[in-house]
Structure formats: C-alpha cells, structure tokens
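Reviewing the structure listed below.
The values are calculated or read from the model by the stated rules, or taken from the named source; none is laboratory data. No experiment lies behind these values; they were computed from the predicted model shown. Glycine also receives a Cβ, built like all others from the backbone with ideal geometry; neighbour counts cover every protein chain displayed. Remember, those area values only see protein heavy atoms, side chains included, never the ligands or the DNA or RNA. Shrake-Rupley method; radii C 1.70, N 1.55, O 1.52, S 1.80 Å.
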Amino acid sequence: PASPEAARLYAEGLARLRGSEVRAAREQLQHAVDLEPGNPLFRSALGAAWAAAGYNALAREEARRAFEASAPLRDEERRLVEARYREADGDWAAAVALYQGLVKDFPDEPEYGLRLAAAQTSGGAPRDALATLDRLRRAVPAAAADPRLDLAESRAAQALADAKRQLAAAVRAESRAAAAGARSQVAIARLLQGQAALDLGDPRKCLADLDTAAGIARELGDRQAQARAINTRGMVLESQGDLSRAEAAYREAQEIFEEIGHDRGAAAAVNNRAVLAIREGRLSVARRQLERALAGFQAVGDRASAANAINNLGVIAQMEGDLAVYRSRLAEALAIYREVGDQGSEARALLNLAEADFLGGDLAGADGRLRKVLEIYHALGNRSLIAIARQLQGAVLLQRGDLAGAARVFQEVRGIQSELGEKASVSDGDLDLANVALEQGDFRQAEARAQSALAGFRAVGLKAREADALHTLARIALEQGRTAAARERLAAARQAAEAAGDNANHRFELALDITEARLRTATGEARQAIPALETTLRDARGAGLALPELEARLALGEAEIAAGRAAAGRQRLMDLEKDARARGFALFAQRAGRAR
C-alpha cells in the first residue's frame with residue numbers, strides 16, 4: 001500500500017472478513033479501494049467481501065478488475081487473486097486447482113485450506129472438502145479452534161445431506177464463535193443448525209434457530225443470511241401445511257437474493273416455489289420455474305442443486321403420465337448425486353425410481369429399492385423422508401394383498417408425520433387408511449378416514465389432494481350401492497381437480513374415468529361404459545401405468561358381464577386374475593376372482 005491509512009483499512013477489513021463481519025469488512029475495504037483504486041489486493045479482498053454478502057455481480061466485477069491488474073504482484077498474491085476471480089466467475093475446477101497449489105506451497109496458512117474447502121463444496125465435491133478440513137486441522141493445530149472450520153464442515157455435511165454431522169459441526173461453531181464474540185458467525189451457525197433440525201424432523205428447534213439467525217443477520221445487515229433464513233422458514237411452513245405463507249416466504253427470499261445478485265440463492269427459492277406448485281397441481285407454472293432454477297444452478301456450477309431441479313422436472317413428467325421421461329430424468333439426477341457423493345439426494349432419487357417401479361407394475365423392484373433407501377435415511381436420521389419411503393412400502397403391501405400389514409405401516413407413517421406437524425401428510429395417511437378400510441369392506445371406517453382427509457386437505461388449501469379424497473368417498477359410496485351420492489362426489493372430485501391447476505395428474509384422470517364408468521355399470525348403462533373403459537385401458541397401457549390398467553380391466557370385465565356378455569367378461573376376469581397373481585398384485589387377483 002502507498003499510504004499507512006490504506007494499509008490499516010486493508011488489514012482491518014481482512015480481519016473482519018475472516019470473522020464473518022461482512023458489512024464492516026466491506027465498508028473498510030471499500031475505503032481502502034477508494035484510496036488506492038489500482039491496488040489489486042484491495043479489489044480482490046473487496047470482491048471476496050461482496051461474495052460473502054451474496055452480491056455476486058459486484059463480486060465478479062471487483063475480482064475481474066483485481067485479476068487484470070495482478071501481473072506486478074509476487075507469485076503467491078497473484079495466485080490468490082486469480083483463485084478469487086475464478087471463484088467469483090463460477091469456475092470451481094480452476095479455483096480448486098489454484099487453492100490446492102497454494103495449500104501445497106504454504107501448508108501453514110489456514111486461509112488457503114479454508115478457501116479450498118469452500119470451493120470444493122461449492123464445486124460439488126463436499127467429500128473432498130471434509131478431507132481438506134481434516135488435513136488442515138492436523139497441519140495447523142492452532143486453527144482447529146477457529147469456528148470457520150466447523151462452519152465449513154457443517155456446509156460440506158449439508159451438501160452431503162448428512163444432517164447429524166451438519167448439526168454437530170454447527171453447534172461446535174456456535175460455541176467457539178460465541179466465545180470469540182463473533183456474532184455473525186453465531187448467526188451462520190444457528191442457520192445451519194436450523195436447516196439440519198428441519199431435516200432431522202424437529203421443526204420447533206428449526207424455527208427457534210432461524211429466528212435467532214435472522215435477528216442477528218438483520219442487525220448486522222447480512223442480507224444473504226437473512227434470505228436463507230426466510231427461505232428455510234418457508235420450507236417449515238410448507239411441511240406444516242401453511243402453503244400460502246410458505247409461498248410468501250419463498251417469494252420474499254427470492255426477491256432479496258435477486259436484489260443482492262445471489263444467483264444460487266435465487267435459484268434455490270425458485271426451486272422451492274416450483275415444488276410447492278407441483279403439490280398444488282400447477283404443473284405448467286412449476287415447469288417454468290424449474291427450468292429457470294435449473295439454468296440458475298448450472299450458471300453457478302452447482303451440480304447437486306441442478307440435479308434436484310432435474311429430479312423435480314421428472315416428477316412433473318410422472319404426474320403427466322410419462323414414466324419413460326420420469327425414469328430418464330431420475331437416472332440423470334442420480335448419476336450427478338453419486339458423482340458428488342450426496343447420499344441423501346441419491347436416496348431421494350432412488351425413492352422416486354421405486355415409485356416409478358411401483359407405477360409401472362414392478363412391485364419387487366420397488367420393494368428392493370425401498371430397502372436401500374431406508375438404510376440411507378435411517379443412517380442420516382431423516383424421519384420425514386423415512387415416513388415417505390415407508391408410505392410407499394405400505395402401498396406395495398396393499399397391492400400384494402397384505403391389508404393388515406399395509407394398515408400397520410400407514411398407521412406408523414401417520415404417527416411420525418403427526419409428531420413432525422406435517423398436516424398435509426397426516427391427511428395423506430388418513431386417505432391411505434381409508435383405502436385399506438375400503439378393501440376390507442369396513443365402509444364406516446373408510447368413510448370416517450376419507451372425510452378426515454378431506455377436511456385436512458381443505459384446511460391447508462390443497463385442491464389436488466382434496467380431489468383425491470372426494471374420489472375415494474365416491475368409490476366408498478359406489479361400493480355401498482349409494483349411486484346418487486357416488487355421482488355427486490365424483491362430480492365434486494372433478495371440480496376440485498380442475499380448480500387445482502391448469503395441468504391435471506394423468507393417473508388421477510384415468511382413475512376418475514374408471515370410477516365414472518363403473519358408476520354407469522351400476523346404474524344400468526353397462527353397454528355405454530364399455531367403449532369408455534376400452535379407451536381408458538388403451539391410454540393406461542400406452543402410458544405404462546399398471547394400476548389404472550388393472551383397474552380398467554377389472555371394470556371392463558364387470559361391465560361386460562352386466563351388459564350380457566357373460567362369457568367374454570368372465571374370461572377377461574380369469575385372464576386378469578392369472579396375470580395379476582403372476583405380477584404380484586394379489587389384491588387385484590382377489591378382486592377379479594370375486595367379480596367372476
């Protein structure tokens with residue numbers, strides 16, 4: 001530095017940046033740059049401060065100007081300036097290589113090890129980041145007490161979906177940061193704890209941690225941490241069924257991230273909004289949002305998050321009845337998760353593939369994948385996702401004809417989701433139990449469960465799920481011979497499905513069509529029901545959807561018998577019984593046998 005004042009500002013700014021006092025660091029480094037605009041080290045540090053605050057565009061600009069002016073610097077400084085530039089530009093491979101060189105040549109400098117770990121996590125190699133931190137602790141024992149190492153470990157564990165390790169490292173970081181009076185680091189630690197608590201099924205702790213983190217962030221002017229806390233709060237609200245407030249939180253977080261130019265954060269908020277839109281049945285809206293989120297993740301080199309968006313695009317394809325595209329998207333996402341070592345997300349992709357197996361009629365394949373998924377989720381301690389996997393296991397048991405076993409699993413799942421405060425999921429559990437009771441012939445229990453589910457879905461504003469509950473109520477009424485009630489409920493189900501969004505769930509449309517045809521059979525219009533069922537059967541087969549195919553074949557056999565084509569109908573039901581038994585669908589085999 002040419003002046004002592006600039007040197008002082010630079011040194012103090014760096015110290016504050018290392019202590020995560022981002023706003024104060026930025027102010028001092030900006031003063032240093034104002035005094036000496038041509039100093040590349042000042043500009044590089046200022047770029048790092050802007051990056052820490054989430055202002056990506058400003059960070060890139062300062063890093064670029066520093067890099068372009070770095071030729072006169074000594075080798076170590078020039079390499080540091082370039083590494084920061086590559087980081088700001090999203091070139092994680094180049095940044096990692098540069099930091100690796102600095103760590104090798106200057107093993108006693110903890111800053112380089114920390115920057116390397118951060119670049120590895122951001123670049124999709126969190127396992128490498130954990131190894132880097134372990135080596136740093138051994139190489140520089142004095143640095144082991146630095147809360148930044150614990151924060152870096154917590155972030156890497158988060159990228160691996162290892163919520164237990166994420167929480168433990170964040171708790172250590174908070175203790176050390178509090179002892180040092182580093183309030184900004186305390187805020188980051190509490191934010192990471194809250195995010196881990198959400199994954200571990202403790203929404204109360206999550207909200208308490210988020211409130212603490214957001215309060216400190218507002219006080220210190222840390223807009224990035226504030227937006228991250230708001231975004232995570234949206235996830236808690238969504239899990240509790242408060243969808244309107246969840247959407248508002250995601251939107252607010254997105255606006256803050258966009259205001260500060262934090263592309264990755266904005267993409268994450270948009271992705272969350274898309275997942276919410278999928279739940280509400282707004283598929284075209286969700287697709288647009290996911291394509292935007294995917295582009296944002298790819299632009300910053302966040303491969304794991306890009307894989308999440310790809311996975312979610314697959315979910316839309318599944319809802320539209322395209323299992324081939326669903327599998328293709330899942331395979332693409334799964335390959336990325338395995339490359340970056342994200343076990344939790346790998347399990348989610350495997351869970352979705354198990355669902356694809358189930359929908360396609362491969363019950364054994366679904367069961368095998370679910371066992372692997374549950375091994376991972378139990379190891380990670382994620383109760384919410386354990387419940388989702390177990391719920392699909394219950395569906396497999398139901399189709400295999402094990403009604404008592406399915407009921408036990410659904411009760412267990414509902415209990416977990418009730419403890420976690422997941423209101424919409426609890427209603428899902430009621431609907432699952434209603435379907436079991438219906439197959440058992442316990443119409444009173446089925447009616448009570450389905451009505452409870454309907455009330456729950458209406459309370460949280462989920463029209464698509466409300467339509468499911470109404471359809472189940474229509475099926476119950478039809479089985480009881482209450483055709484007028486069945487017709488009224490079926491019409492209400494169609495109305496709710498239309499209100500859910502501009503793109504309906506294809507499987508649900510097929511289910512409604514089949515129930516409507518069965519209603520016509522029950523009211524003496526079997527001949528009119530047959531061509532409609534034949535169309536539905538072709539559609540289900542074309543989409544590769546096993547359950548609507550089997551259901552349509554069963555309804556078609558019943559309609560043919562009712563229409564006076566007894567021989568053809570019984571033969572169809574005999575063929576169905578044999579085929580269903582061979583494929584493991586004992587429930588359909590039993591129903592076909594009774595119908596004959």
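Brief remarks follow.
- For region 68-83, the candidate set comprises residues that are surrounded by 14 or more Cβ atoms within 10 Å (Cβ to Cβ) and basic (K, R); within that set, the residue that is farthest from the chain's Cα centre (by Cα) is R78.
- For region 94-130, a residue qualifies if it is surrounded by fewer than 18 Cβ atoms within 10 Å (Cβ to Cβ) and under 26 Å from the mean Cα position of the chain (by Cα), and exactly one does: R127.
- All of A491, A546 fail the test of being of a type outside the set (D, E) and either in contact (Cβ under 8 Å) with a residue 24 or more places away in the chain or buried (at least 19 other Cβ atoms within 10 Å of the Cβ) (or both), apart from A546.
- So S384, is it of a type in the set (S, T, N, Q), surrounded by fewer than 21 Cβ atoms within 10 Å (Cβ to Cβ) and within 13 Å of the chain's Cα centre (by Cα): yes
- Meets criteria (open to solvent by 20 Å² or more (accessible area, probe 1.4 Å), on the phi < 0 side of the Ramachandran plot, within 14 Å of the chain's Cα centre (by Cα) and modelled with pLDDT under 95) for V315: yes
- Breaking point among (1) without any contact (Cβ under 8 Å) to a residue 24 or more places away in the chain; (2) within 20 Å of Y337 (Cα to Cα), for L290: (1)
- Here A152 meets the list (1) touching a residue at least 24 places away in the same chain (Cβ under 8 Å); (2) out of contact with any Ser or Thr (no Cβ under 9 Å at 6 or more places or on another chain); (3) within 25 Å of S305 (Cβ to Cβ) almost entirely, failing just condition (2).
- Residue list for region 443-488, filter: part of a helix (DSSP H, G or I) and more than 34 Å from the chain's Cα centre (by Cα): F443, R444, A477, L478, E479, T483, A484, A485, A486, R487, E488
- Verdict on A51 being open to solvent by 30 Å² or more (accessible area, probe 1.4 Å), modelled with pLDDT under 95 and either part of a helix (DSSP H, G or I) or aliphatic (A, V, I, L, M) (or both): yes
- From R581, R518, residue being open to solvent by 10 Å² or more (accessible area, probe 1.4 Å), closer than 24 Å to D367 by Cα, more than 32 Å from the chain's Cα centre (by Cα) and at pLDDT 95 or above: R581
- Count - residues of region 287-305 that are within 19 Å of E346 (Cβ to Cβ), out of contact with any Pro (no Cβ under 9 Å at 6 or more places or on another chain), open to solvent by 10 Å² or more (accessible area, probe 1.4 Å) and in a helix (DSSP H, G or I): 3
- Which listed residue, of Q158, Q166, is under 24 Å from H378 (Cβ atoms), open to solvent by 30 Å² or more (accessible area, probe 1.4 Å) and not basic (K, R): Q158
- Among the residues of region 7-40, those identified as assigned to a helix (DSSP H, G or I), in contact with a Phe, Trp or Tyr (Cβ under 7 Å, 6 or more places away or on another chain) and either modelled with pLDDT of 90 or more or polar (S, T, N, Q) (or both) are Y10, L29, A32, V33.
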